[in-house]
Structure formats: structure tokens, C-alpha cells
Amino acid sequence: DVEDLKSYSKSQGASEADSLSHWDISFWSERLRESKYDINEEELRPYFSFSKVMDGLFNLAKILFGIDIEAADGLAPVWNKDVRFYCVKDSAGSPIAYFYFDPYSRPSEKREGAWMDEVVSRSRVLSHNGTTARLPVAHMVCNQTPPVGDKPSLMTFREVETVFHEFGHALQHMLTKQDEGLVAGIRGVEWDAVELPSQFMENWCYHRDTLMSIAKHYQTGESIPEEVYLKLLAARTFRAGSLSLRQIRFASLDLELHTKYIPDGPESVYDVDQRVSRKTQVIPPLPEDRFLCGFNHIFAGGYAAGYYSYKWAEVLSADAFSAFEDAGLEDSKAVKETGHKFRETVLALGGGKAPLEVFVEFRGREPSPEALLRHNGLLPVTA
């Protein structure tokens, strides 16, 4: 990655090309990205209308997990006219879960970002009759641009990824088969595995057939141009090595400080940062680097000794998706069978079983980083 930046900056006549410093990296990375994969997110919006994206997402859920998602507006009270209510049904047509979706931005009353959480969890104890379990209800919240006049809500590709991500969390909450509420759905799932279903669903945004099914121009109905799809695919792996090392630096530093650091010992926290950084960064840190003062995650952010979960969840989700690649993404029967297995393990077992055991039950072995390295373009791709 650094050699790419050096050669590109040299081609642009940069005097610093042979000795790029920390403050040069971001600048030249952005210039290189623009030259290779410049994708204007705003120009892509017309291809991602909200209704088309949701139809495609629900159709994917039907293919993978054998569920039908139907609008159930009016069945439950909502807090805003734009909030939708849906019913999730199994293959026999019986309701198994419900969820609210609040998609549009309302700056005066909603915080930024996107999230999924539970309204109620699946529970036999808290059911009305004590025999059939109470069905789970989820809510998903996003901050997309609302429709204006005759123009529908048009999404950026990042917003499409976000909806797929949050829906992955919702699926784990809704498709659980645990009747004990304390370990149903996302409850009781260890931190380093709770992002598995959400990141797994993001992979489908880059699957050609899935993307082409949702990326239709809202006025003409034309599919997104092939060259744009290829750019999206290529941009996904841009500087993947550097970004991976960045996460490994943060995670290693977090673990080192929370497990081995001795206050008032021979090393200061900054010494530890320097030592870890020298092993994980191509360009050594500056002696006066005080990155730790701004690393809020591991002090005030609740990630103490858990920052590694960002990267580990990527390993799990990529490996899970590779099960579908191994089975054959073009083989509809194999995709359905693998999807059923994913549903019966990762989505069904909740916190009732250790995540590693759940993963082994799905994959037949322990997780391997091979799929993530391959998806990131860091391994040769086999034909």
C-alpha cells in the first residue's frame, strides 16, 4: 500500500514521494482512491430507491432463511407516520416475529446513525398462556433522506449496507428458537460474536445478483452500470492491508494495556503504544505521538479489552459467507440449504450456547481468517 502511494505521488510530481510522512498518507490515499475508484455517492442514489432496496432485502431473507416478511401497518401503534410495522412468517405462514422500521432522518428528535434493538424478546415464561412462547419484536432505526413530493427516498450505497447490517442484527433477534428470554436472540451473545450476522448480511451487498436486483434507476428501471458495480467491488479492497494493520494495532494496544500494563512500572502507556506500533505500522510512529489521549473506545467507550471484536467479527462473518461461496453462490438449492443451516445455528441458538460452538456447528470447523484475507484482496484468488 505504501509503495503504491509513493509511486502515485511521484507520478504527480510530489517532492515528498520518496519519504512519505504520517500527514502525507491520508492526503495521497484520498487522491489515489479518487483516481482509481472515484464513485460519486450522490450520483448513485437514483439507483437505490428505498422500496426497491427493502423488497430485495426481504426477498434475500426468503431465499436464505425461508421466511416471508409482510407489511402489518396498523397492527401496532407507531410513534411517527413514517414508521413501518412488519410481520415475519415461517414457510407455513405462521407469524414468528415482528419488527418496526423507522427509516428517515428527523434531526429534531432522532440521534444520528443507525441501530437495531429489541422491543420484547422471545420468552415462554412471559407468554400469555405459558405454553407457546411470546414472539420477539425488534426495532430498526436509520437516518435516510425522506421522500420529497413524487420523489422516493433515495439511498447511498453506504446506507444500503447499513440497512443490510442492522437487518442482520434483527434477524438474530427474530429467528431465535430459544424460549428462555435471557439467552434468546441477541441476548447473552458474547461481544466478539454479536456482529457476525450483521456483517454477514453486508457481504450480500457485493454479491452481483443481489445488488443488481435492487440497484434499479427509480425513473428508468435500468440496472446500475456494470463498470460502477466493478468499481464498488474494487474500492472495497482499497488499502485493505493498511486498514487491517490499523485495527490490529488498536486491538493489540487495547489488550496489552488491559492485561499486561503495570502502572508506575518501567514503561509508560506511551511506551507501550510505541512498542506495539513499531510491530504493526509500516511507518513507525513519531516519538511525540499521543494517539492514546484520543482513543476513547478503550476508556470511556466500553470496549476495554474488547476492541479486537471489530476484527474478529469480520473473520467470523467472512468465513460464514465463504460457506455459501464453497456451496456455490449460483446454485440456488445449495444456497437455500446453507442458509437453512445458518438460520438453525447462528440465528437460532442465541446466547444459549457458546459462540465458538455455534460457529463450529454451522461451519463444521473453527473459524479461519483465510476468507477475510481473500475478500480483502490480501490472498491470491483461486480460479
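The values are calculated or read from the model by the stated rules, or taken from the named source; none is laboratory data. Owing to the predicted nature of the structure, the values given are computational and were not obtained by experimental measurement. All Cβ positions, even for glycine, are placed from backbone atoms using ideal geometry, and neighbour counts span all protein chains on display. Ligands, DNA and RNA are stripped out before the accessible areas are found, and what is left, the full protein with its side chains, is counted by its heavy atoms. Shrake-Rupley method; radii C 1.70, N 1.55, O 1.52, S 1.80 Å.
Scanning the stretch 205-215 finds one or more residues that are open to solvent by less than 70 Å² (accessible area, probe 1.4 Å), free of Cβ contacts under 8 Å to residues at least 40 places away in the same chain and under 18 Å from the mean Cα position of the chain (by Cα).
Considering only residues in the stretch 148-189 that are among the charged types (D, E, K, R) and assigned to a helix (DSSP H, G or I), the one that is surrounded by the fewest Cβ atoms within 10 Å (Cβ to Cβ) turns out to be 158.
Considering the conditions (1) at pLDDT 95 or above; (2) in contact with a Lys or Arg (Cβ under 7 Å, 6 or more places away or on another chain), residue 168 is excluded by exactly one of them, (2).
Note on the stretch 312-337: residues that are more than 14 Å from residue 194 (Cβ to Cβ), in contact with a helix residue (DSSP H, G or I) (Cβ under 7 Å, 6 or more places away or on another chain) and in contact (Cβ under 8 Å) with a residue 60 or more places away in the chain total 5.
Residues checked against (1) out of contact with any helix residue (DSSP H, G or I) (no Cβ under 7 Å at 6 or more places or on another chain); (2) aliphatic (A, V, I, L, M); (3) open to solvent by 60 Å² or more (accessible area, probe 1.4 Å); (4) over 15 Å from residue 181 (Cβ atoms):
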position	(1), (2), (3), (4)
97	no, yes, no, no
100	yes, no, no, yes
104	yes, no, no, yes
121	no, no, no, no
127	yes, no, no, no
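Taking first residues from the stretch 244-258 that are among the basic types (Lys, Arg) and partners that are in a helix (DSSP H, G or I), the Cβ contacts under 7 Å between residues at least 6 apart in sequence or on separate chains come to 249/276; 249/277; 249/280. Note on the stretch 6-65: residues that are part of a loop (DSSP other than H, G, I, E, B), surrounded by 12 or more Cβ atoms within 10 Å (Cβ to Cβ) and touching a residue at least 24 places away in the same chain (Cβ under 8 Å) amount to 3.
Residues that are in contact (Cβ under 8 Å) with a residue 60 or more places away in the chain and either under 28 Å from residue 180 (Cβ atoms) or open to solvent by less than 60 Å² (accessible area, probe 1.4 Å) (or both) within the stretch 357-383 comprise 358, 359, 375, 376, 377, listed in sequence order.
Pick out, from the stretch 190-266, the helices (runs of 4 or more DSSP H) lying fully within it that include 1 or more residues that are of a type in the set (Lys, Arg) and at negative phi.
Counting at least 1 such residues, we get 208-214, 226-235, 240-259.
With respect to the conditions (1) farther than 27 Å from residue 261 by Cβ; (2) over 17 Å from the mean Cα position of the chain (by Cα), residue 320 lacks only one, and its number is (2). The criterion of being hydroxyl-bearing (Ser, Thr, Tyr) and farther than 21 Å from residue 301 by Cβ holds for residue 268.
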